[in-house]
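To keep things clear, I will list the structure first and then write my remarks on it.
The values are calculated or read from the model by the stated rules, or taken from the named source; none is laboratory data. From a predicted model like this one, the values you see are computed outputs, not experimental measurements. FYI the Cβ positions are ideal-geometry reconstructions off the backbone, even for glycines, and counts take in every protein chain you see. We work out accessible area using only protein heavy atoms, side chains counted, and drop any ligands, DNA or RNA first. Shrake-Rupley method; radii C 1.70, N 1.55, O 1.52, S 1.80 Å.
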Amino acid sequence: MHKGSPTKVIIDTDPGVDDALALLIALASPELEVVGVTTVCGNVPVGQGTKNLFRLLNVLKASPGLLVGQGAARPLEEDLVTAVQVHGSDGFGELDSVLTHEGAMRYPSVRLPPVLPTAQDVWNECIRRYQDDVTLITLGPLTNVAVALKVNPLTVQKFRSVIVMGGAIGVPGNVSPVAEFNMYVDPHAAHRVFQAALPLTLVPLDVTTRVGVARDVLRTWTTTSRDPLCRIVSDMTAKTFDFAEQVEGHGLLYFHDPLAVLSAVEPSLMRTEPLHVEVEMVGRVSRGATVADRRHRKPEEKASPNMQVAVDIDAERALSVIRSRLCPWS
Ligand code: RIB
Ligand code: CA
């Protein structure tokens, strides 16, 4: 059981199905205190991501005191590439089409607040309140971090730790043969962040594709209770399983974003290595590739590490933690 005071975290997200699972896990983990959630363009346009976030917080009946802000609507230089083919046209498994027995929408849209702070407003307020006691967990492209480095670098440099879901070091990409989606969408932002000497921990596909679940297994987790959380986990993941079965062929929903959260919940689940990592920004076929310098050289003979990279994971224990936080009834 968690002993010390909870780690204060801000979650920057492009909700997205696995983002939603990550948020559910973060809010259910006593090791964390979620002090802010901000949205960024990625899986879906940022306005849709913000609507999804409020829809989820409504189901969760999350504390009204949670600071929520909307961030960047487009990458620094590239046009936005979304992942609606993976997450459904709304980014949340097309929840509008989920009806109750009586034919009503099970997840009605929720009204957004009349005034919505920006992501920068939320980050500045969290740092004002908690100083250097805040960890930033990014689950989408790094555009908001890159913008903050430009407009308010002192805020970003106050983060105790920055945990980034993204990259592919020794494994293939997902959105392209070499690039992971979050890096691919905004490689210029990732480059700026990787060069900023922040306390980065990268959680790449190397570990996230080791922790997945098949449709029938998740069904055994979610059919043991009629809890609304159970139901939304089941309802929102159907489209992602369709993609995993019909396009990727392996049929697994990978817990990409939940593992970035687990890196803050239980760091011992992953083994990290200090590495120097760069992002390809301009390659016709290599855009978004994350290239780590793993040559066997004396340290003084190559670029010094700019981050910790999760290179191995206790996959079985990670899955058990995910299940216990996502579906404690199962
Ligand atoms: O490549 C996986 C990442 O891209 C996850 O964060 C997923 O939500 C998408 O944003
Ligand atoms: Ca994401």
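Could we say that residue 14 is acidic (Asp, Glu), open to solvent by less than 10 Å² (accessible area, probe 1.4 Å) and within 14 Å of ligand 1 (Cβ to nearest atom) here? It is true that residue 14 is acidic (Asp, Glu), open to solvent by less than 10 Å² (accessible area, probe 1.4 Å) and within 14 Å of ligand 1 (Cβ to nearest atom).
Annotation note: of 309, 321, the sole residue that is open to solvent by less than 70 Å² (accessible area, probe 1.4 Å), of a type outside the set (Phe, Trp, Tyr), under 23 Å from residue 16 (Cα atoms) and modelled with pLDDT of 95 or more is 321. Evaluated against (1) surrounded by 16 or more Cβ atoms within 10 Å (Cβ to Cβ); (2) modelled with pLDDT under 95; (3) assigned to a loop (DSSP other than H, G, I, E, B); (4) of a type outside the set (D, E, K, R), residue 75 falls short on exactly one condition, (2). Out of region 130-175, which residues are within 11 Å of ligand 1 (Cβ to nearest atom), small (Gly, Ala, Ser) and either touching a Gly at 6+ places or on another chain (Cβ under 8 Å) or more than 17 Å from residue 279 (Cα to Cα) (or both)? Result: 140, 173. Quick check on residue 227: is it among the acidic types (Asp, Glu) and either surrounded by 24 or more Cβ atoms within 10 Å (Cβ to Cβ) or in contact (Cβ under 8 Å) with a residue 24 or more places away in the chain (or both)? So residue 227 passes the test. Residue 212 satisfies every condition listed in (1) on the phi < 0 side of the Ramachandran plot; (2) of a type outside the set (D, E, K, R); (3) more than 16 Å from ligand 2 (Cβ to nearest atom); (4) open to solvent by 10 Å² or more (accessible area, probe 1.4 Å) except (3). For region 245-254, taking the residues that are within 21 Å of residue 140 (Cβ to Cβ) and either near ligand 1 (Cβ under 10 Å from one of its atoms) or free of Cβ contacts under 8 Å to residues at least 24 places away in the same chain (or both), the one that is least open to solvent (accessible area, probe 1.4 Å) is identified as 254. For region 40-58, the condition holds for no residue, the condition being that it is away from ligand 1 (no atom under 16 Å from the Cβ), part of a loop (DSSP other than H, G, I, E, B) and modelled with pLDDT under 95.
Among the residues of region 264-304, the ones that are at pLDDT 95 or above, open to solvent by 80 Å² or more (accessible area, probe 1.4 Å), under 30 Å from residue 78 (Cα atoms) and not aliphatic (A, V, I, L, M) come to 2 in all. If you go through region 180-193 and keep only what is more than 22 Å from residue 269 (Cβ to Cβ) and either surrounded by 24 or more Cβ atoms within 10 Å (Cβ to Cβ) or within 12 Å of ligand 2 (Cβ to nearest atom) (or both), you end up with 181, 183, 184, 185, 186, 187, 189, 190, 193. Looking only at residues of region 59-71 that are open to solvent by 20 Å² or more (accessible area, probe 1.4 Å) and aliphatic (A, V, I, L, M), we find that the one that is modelled with the highest pLDDT is 67.
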